[in-house]
Amino acid sequence: AVVPVILFHAGIDQLGGGFVGVDIFFVISGYLITKLIYPEIRDGTFSLVDFYERRARRILPALILVCLACLPFAWAWMLPRDLQEFSESLAAVSVFASNVYFWLRSDYFAAPAATIPLLHTWSLGVEEQFYLLFPLSLLALRRVRSSTVFGSILLVSVLSLALAVYAGPSYPAANFYLAPTRAWELGVGALLAISDGRWTIRRPALRELTGLVAAAAIVYSILAFDERAPHPGITMLLPVIGAAALIATATPQTIVGRLLSSRPFVSLGLISYSAYLWHQPIFAFARYQTLGELSATLALFLSACTLALAYFSW
């Protein structure tokens, strides 16, 4: 999920749909969080304080490090107005509201966005709002049947997708940045986690085929989509459903499962969050300093620097 996003922001034209990596990550996150907390909620061992503490330890150290690393470059290079806006975005990040801030200030696909160091933290805002609200929602439903919980999440996800389809043409910035139109992507992952085992494909050949088709759907989305694709509208069903199908079928017995569990993929997965944090500030400050688009050689070099920094900060 993270590599296409990095290369998309690096300006690699062949990956015009690299931004769908964030949509894929939302599915993964919805699946992972639900898989972690739903069994604990059902058996009465879940602690909201422990959950928030674990999320803080996972998210904040690397985020604080990257924000601190941005400060001297912002102070040295940015014009006063840009420095003021950087400071405002820093404050928005600290209260989990950067998606709201950038909704009010920035078009994600516009040229000036490429020089905003913390623009990518909009997705962390969506994530953090999900962390705050979703466990409380599951706690409120802890005494009802799993089928009712499943139906409730399905209903919210359908309404969220319908809102995204409606808002896309008229309110594109709100549609892109805000949690209500992103909830369905997280919801798809949550639905998969709650129904874990019920959608298992028993026949090995069909499971293999489903995994390959799911991987192909994701790759196609990354290569064929561009900023003109309704986002996160109906078109995003392709990578989102592809990601869910991949999670459901990528077992050690399948080609895709063995590929994703290989050492290079696992290593990238371990540093993916740190890589995501580092890449936008690196590209943004480079573009700000050079006053132009990055050459392919420089973009690839900075991408490699992103992975190196990600490893050390991880």
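Details
So that you can scan it fast, the table gives a plain yes or no per residue for (1) assigned to a helix (DSSP H, G or I); (2) open to solvent by less than 50 Å² (accessible area, probe 1.4 Å); (3) under 30 Å from residue 296 (Cα atoms):
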site: 29; (1), (2), (3): yes, yes, no
site: 35; (1), (2), (3): yes, no, no
site: 49; (1), (2), (3): yes, no, no
site: 58; (1), (2), (3): yes, no, no
site: 76; (1), (2), (3): yes, no, yes
site: 84; (1), (2), (3): yes, no, no
site: 92; (1), (2), (3): yes, yes, no
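- Candidates 13, 82, 23, 43 - the one that is closer than 25 Å to residue 181 by Cα and of a type in the set (Asp, Glu): 23
- Residue in region 12-27 that is open to solvent by 20 Å² or more (accessible area, probe 1.4 Å), in contact (Cβ under 8 Å) with a residue 24 or more places away in the chain and closer than 18 Å to residue 287 by Cβ present: yes
- Single match in 299, 304, 308 (criterion: over 14 Å from residue 66 (Cα atoms), within 24 Å of the chain's Cα centre (by Cα) and open to solvent by 40 Å² or more (accessible area, probe 1.4 Å)): 304
- For region 153-209, a residue qualifies if it is small (Gly, Ala, Ser) and either at pLDDT 95 or above or closer than 20 Å to residue 128 by Cα (or both), and the qualifying residues are 157, 160, 162, 164, 173, 174, 179, 183, 187, 189, 190, 193.
The values are calculated or read from the model by the stated rules, or taken from the named source; none is laboratory data. On a predicted model such as this, the values are computed, not experimentally measured, just so you know. Note: ideal-geometry Cβ built from the backbone for every residue, glycine included; neighbour counts use all protein chains shown. For accessibility, only protein heavy atoms count, side chains too; no ligands or nucleic acids. Shrake-Rupley method; radii C 1.70, N 1.55, O 1.52, S 1.80 Å.
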